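Have a look at the structure below, then the notes.
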Amino acid sequence: MQLSVKDAALILNVSEKTIYRWIKQESIPFYRINEQFRFNRAELLEWATSRRIQVSPDIFAEKDASATPLPTLTEALRAGGVEYRVEGTDQSSVLRAVVDLLHLPEEVDREFLYQVLLARETLGSTGIGDGIAIPHVRNPVVLHVSKPTVTLCFLEKPIDFGAIDNLPVDTLFTLISPSVRAHLHLLSRLGIVLRDASVKAAVRARASREELMEAFSRAEAALPHSRIAAALPVPGDKRP
């Protein structure tokens, strides 16, 4: 909770007046601590990503960043896999099906993960528009996995996900990560890569696994390094 209103304004490239307006509207995730407004770095990036707001590279800076290299988005997607014709008639049944399909160590409690994903949606939909949602847990550290994964699931039938554009969702990218650093790194990359025309086309066409990997790999390779500075994400809740 280290970020002030001034910090948030710099990161989101807006005025402090705009930040205060968003606070008044309760549209931005914030905390009131000793009569001052504070922001969580991860939640702020999630919120900005869900609204496709361009953020400053400063948001990716972490004092305790590890020297361990982070995986690329394509590597995480290969590790997580692509699933087609995933069944489900509503948000809860789809999330259940997705959790059952995830590549997870045996020691990970899938029921716990399912409940956490459900609870996450009550704080604000992870649907980012264009039929896409990015279900993920708010605190990825609780999942003791060895490496981050991104699992792409194409649904058998579109469902209402409470997305920001009110369109039904038929494509889910589920992020599972051992750390906040890796979580934000992958989420930020995914948010940018999903704007690429070739990636959009491959996702919309439900292309083959290799065609999807090629599209993501090309788009990620084209990212300027400065836009994804060091490593590092949907509307959050306002808590006291």
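Couple of notes before you dig in:
- If only residues of region 59-83 that are closer than 19 Å to residue 190 by Cβ and assigned to a loop (DSSP other than H, G, I, E, B) are counted, the one that is modelled with the highest pLDDT is 81.
- Whichever residue in region 205-225 is surrounded by fewer than 15 Cβ atoms within 10 Å (Cβ to Cβ) and among the aliphatic types (A, V, I, L, M) and, among such residues, is farthest from residue 185 (Cα to Cα): 205
- In this structure, residue 151 does satisfy being farther than 24 Å from residue 41 by Cβ, out of contact with any Pro (no Cβ under 6 Å at 6 or more places or on another chain) and not assigned by TED's automatic domain parsing to the domain that holds residue 45.
- Pairs linking a residue in region 102-121 that is in the same structural domain as residue 133 (by TED's automatic domain parsing) to a residue that is part of a loop (DSSP other than H, G, I, E, B) and exposed (fewer than 13 other Cβ atoms within 10 Å of the Cβ), with Cβ atoms under 8 Å and 6 or more positions apart or on different chains, are 105/144; 105/146; 107/144; 108/144.
- Summed over region 96-136, residues that are surrounded by 19 or more Cβ atoms within 10 Å (Cβ to Cβ), under 27 Å from residue 28 (Cα atoms) and in contact with a helix residue (DSSP H, G or I) (Cβ under 6 Å, 6 or more places away or on another chain) total 4.
The values are calculated or read from the model by the stated rules, or taken from the named source; none is laboratory data. Small disclaimer: the values here were computed from a predicted structure and weren't measured. FYI the Cβ positions are ideal-geometry reconstructions off the backbone, even for glycines, and counts take in every protein chain you see.
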